[in-house]
Amino acid sequence: MSFIEAMQQRYTTKKYDAAKKIDAQKKEELKSVLHLSPSSINSQPWKFTFVSDPATKENLSKASAFNATKILDCDTVVVFSRINNIPMFEQQIERELPQGAVDYYRNFIQPQGEEQIYDWFSRQVYLASGVLLSACAQMGIDATPMEGIDPKGYDKVLNQKDYSTLIAVAIGYRADDDANQPAITPKSRRDKEAVIESIA
């Protein structure tokens with residue numbers, strides 16, 4: 001299947017088949033894909049937590065409002081978190097990045113203040129979430145990006161101190177009767193001409 005065909009067939013899964021499991025090797029591949037995700041200046045201000053343990057999923061479901069059933073029935077929940085300890089991040093880039101990248105952060109990001117630094121961190125995490133969704137589509141794995149969760153509740157379940165949950169992505173395989181799948185409910189997008197401009 002080509003990438004465009006995979007994207008035509010992917011959709012936000014609303015109902016999972018709890019009996020269908022993702023092959024362990026495929027999950028390892030998804031971890032590698034996330035590890036290779038792009039970020040501004042290669043900053044990588046993130047952590048990705050793969051949760052397959054039923055008890056932990058049960059606890060996360062209680063902090064997932066209307067997404068609780070997806071958490072329980074999917075194979076794995078991938079939690080996307082951004083670093084929330086700026087000094088720790090700055091030590092990280094001093095250790096790991098070339099001086100030019102550190103200078104960019106010091107000269108263009110840091111002067112904007114704490115709120116803007118955290119916004120910049122978050123934007124990098126969202127880049128990675130798009131990479132995961134695309135990889136899942138190519139691998140024939142269904143996925144559901146979810147902001148409808150309680151991030152602080154997730155942090156408590158995962159015992160996160162230096163990172164803060166932003167979003168979660170359920171991954172697994174659709175239930176046959178999931179009404180949101182394209183075979184039942186065709187994909188809906190605005191006209192291509194309305195959202196894409198070409199300057200030749």
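The values are calculated or read from the model by the stated rules, or taken from the named source; none is laboratory data. It should be emphasised that the depicted structure is a prediction, and the values quoted were computed from it without experimental measurement. All Cβ positions, glycine included, derive from the backbone under ideal geometry; neighbour counts span all protein chains shown. These area figures cover heavy atoms from the full protein model, side chains too; ligands, DNA and RNA do not enter into them. Shrake-Rupley method; radii C 1.70, N 1.55, O 1.52, S 1.80 Å.
To keep it simple, each residue is scored yes or no on (1) more than 25 Å from Gly148 (Cβ to Cβ); (2) in contact with a Phe, Trp or Tyr (Cβ under 6 Å, 6 or more places away or on another chain); (3) at pLDDT below 95.
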residue	(1), (2), (3)
Gln25	yes, no, no
Pro45	no, yes, no
Ile71	no, no, no
Thr76	no, yes, no
Ile86	yes, no, no
Arg95	yes, no, no
Gln99	yes, no, no
Gly113	yes, no, no
### Message
Among the residues that make up segment 156-173, is at least one of them assigned to a helix (DSSP H, G or I) and surrounded by 15 or more Cβ atoms within 10 Å (Cβ to Cβ)?
### Response
yes
### Query
Quick one: is Val102 open to solvent by less than 20 Å² (accessible area, probe 1.4 Å) and within 19 Å of Ala143 (Cα to Cα)?
no
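Do the conditions hold for Gly153, that is, is it part of a helix (DSSP H, G or I) and among the small types (Gly, Ala, Ser)?
yes
Take the conditions crowded, with 18+ Cβ neighbours inside 10 Å and either part of a helix (DSSP H, G or I) or touching a helix residue (DSSP H, G or I) at 6+ places or on another chain (Cβ under 8 Å) (or both) and apply them to Gln25. Does it pass?
So Gln25 does not fit the description; no.
Name the residues in segment 28-68 that are of a type in the set (A, V, I, L, M) and either in contact with a His (Cβ under 7 Å, 6 or more places away or on another chain) or open to solvent by less than 70 Å² (accessible area, probe 1.4 Å) (or both), would you?
The answer is Leu30, Val33, Leu34, Ile41, Val51, Ala55, Leu60, Ala63, Ala68.
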### Message
Which numbered condition in (1) in contact with a strand residue (DSSP E or B) (Cβ under 6 Å, 6 or more places away or on another chain); (2) surrounded by fewer than 18 Cβ atoms within 10 Å (Cβ to Cβ) is the only one that Ala179 fails?
### Response
(1)
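Residue-wise test of (1) touching a helix residue (DSSP H, G or I) at 6+ places or on another chain (Cβ under 7 Å); (2) assigned to a helix (DSSP H, G or I); (3) not hydroxyl-bearing (Ser, Thr, Tyr).
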position: Gln44; (1), (2), (3): no, no, yes
position: Phe66; (1), (2), (3): no, yes, yes
position: Phe80; (1), (2), (3): yes, no, yes
position: Asn107; (1), (2), (3): no, yes, yes
position: Pro111; (1), (2), (3): no, yes, yes
